[in-house]
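Heads up: the structure comes next, in structure tokens.
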Amino acid sequence: VTCGYTGIVSLENKDSMIRTVVLHSTMRVIPMLDQLRKGLQLYDLPKIMKTHQDLCLPLFVPGEDDEVCSAPHLYRPVFSEIGSADHKKEVNIINFLQDYLQEIEDSGIPEGLTVGRIMQWMTGQRHKPVLPSEKKDFVINMQFNHGRDTRHMVCFPTVSACSRTVTFPSAHLKTYTEFKNILTLVICHGQTFDRV
């Protein structure tokens with residue numbers, strides 16, 4: 001309706017509605033692109049762009065820079081009291097996570113596992129936020145479950161992608177090897193989103 005479609009909204013009119021949306025978008029985008037082209041011509045940039053395509057391409061087309069990385073500033077862990085035994089476990093888990101992500105970035109082992117796939121498991125998105133407002137607010141909350149209940153064999157980390165929260169079970173992540181095995185297993189064979 002906001003694109004100028006005035007007919008009845010129904011499945012039978014789907015093609016007509018799509019045409020209206022495409023036409024509306026095209027009519028808005030073409031003047032903006034023309035204005036951009038005219039602005040670039042002021043500094044003779046189209047000529048430079050033709051002669052140095054490889055240098056100019058990253059300025060206009062998203063490329064490798066859009067891939068997620070294992071930047072620690074994205075984490076917001078909720079630590080226990082400093083000096084407590086739980087705090088020491090939590091710091092070790094965060095260090096294990098950073099080591100694990102760095103190992104994945106460097107080697108890509110196990111096959112098919114990437115930092116992007118891990119971030120998609122944690123947050124529901126495989127790419128970096130694009131808008132400045134999204135970048136500013138993008139953090140991954142890290143919580144720790146110190147449940148002393150040992151009736152079951154192994155606890156796995158759980159994620160809530162909507163709130164970008166990961167909960168790590170500290171009882172089963174005592175060494176880097178345990179952490180790596182459990183996290184690889186849950187990412188490769190678990191459900192993408194298991195908690196709301």
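Miscellaneous remarks
- Of all residues in the stretch 160-174 being touching a helix residue (DSSP H, G or I) at 6+ places or on another chain (Cβ under 8 Å) and assigned to a loop (DSSP other than H, G, I, E, B), the one that is modelled with the lowest pLDDT: ALA161
- Within the stretch 79-96, residues that are over 17 Å from THR165 (Cα atoms) and surrounded by 13 or more Cβ atoms within 10 Å (Cβ to Cβ) have Cβ atoms under 7 Å from residues that are at pLDDT 90 or above and polar (S, T, N, Q) in these pairs: ASP86/SER80; HIS87/SER80, counting only partners at least 6 apart in sequence or on another chain.
- Any hit, the stretch 116-125, residues being at pLDDT below 80 and part of a loop (DSSP other than H, G, I, E, B): yes
Every residue, every condition in (1) at pLDDT 80 or above; (2) in contact with a Gly (Cβ under 6 Å, 6 or more places away or on another chain); (3) within 30 Å of THR114 (Cβ to Cβ); (4) not in a helix (DSSP H, G or I), yes or no:
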{"site": "CYS3", "(1), (2), (3), (4)": "no, no, no, yes"}
{"site": "ILE8", "(1), (2), (3), (4)": "yes, no, no, yes"}
{"site": "ARG19", "(1), (2), (3), (4)": "yes, no, no, no"}
{"site": "LEU23", "(1), (2), (3), (4)": "yes, no, no, no"}
{"site": "GLN35", "(1), (2), (3), (4)": "yes, no, no, no"}
{"site": "GLN41", "(1), (2), (3), (4)": "yes, no, no, no"}
{"site": "PRO46", "(1), (2), (3), (4)": "yes, no, no, no"}
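- Among residues of the stretch 16-29 that are closer than 15 Å to THR6 by Cα, those with a beta-carbon under 7 Å from a residue that is exposed (fewer than 13 other Cβ atoms within 10 Å of the Cβ) and modelled with pLDDT under 80 at least six positions away or on a different chain give the pairs THR20/GLY4; HIS24/GLY4.
The values are calculated or read from the model by the stated rules, or taken from the named source; none is laboratory data. Here the structure is a predicted model, which means the values were calculated and not measured. All Cβ positions, even for glycine, are placed from backbone atoms using ideal geometry, and neighbour counts span all protein chains on display.
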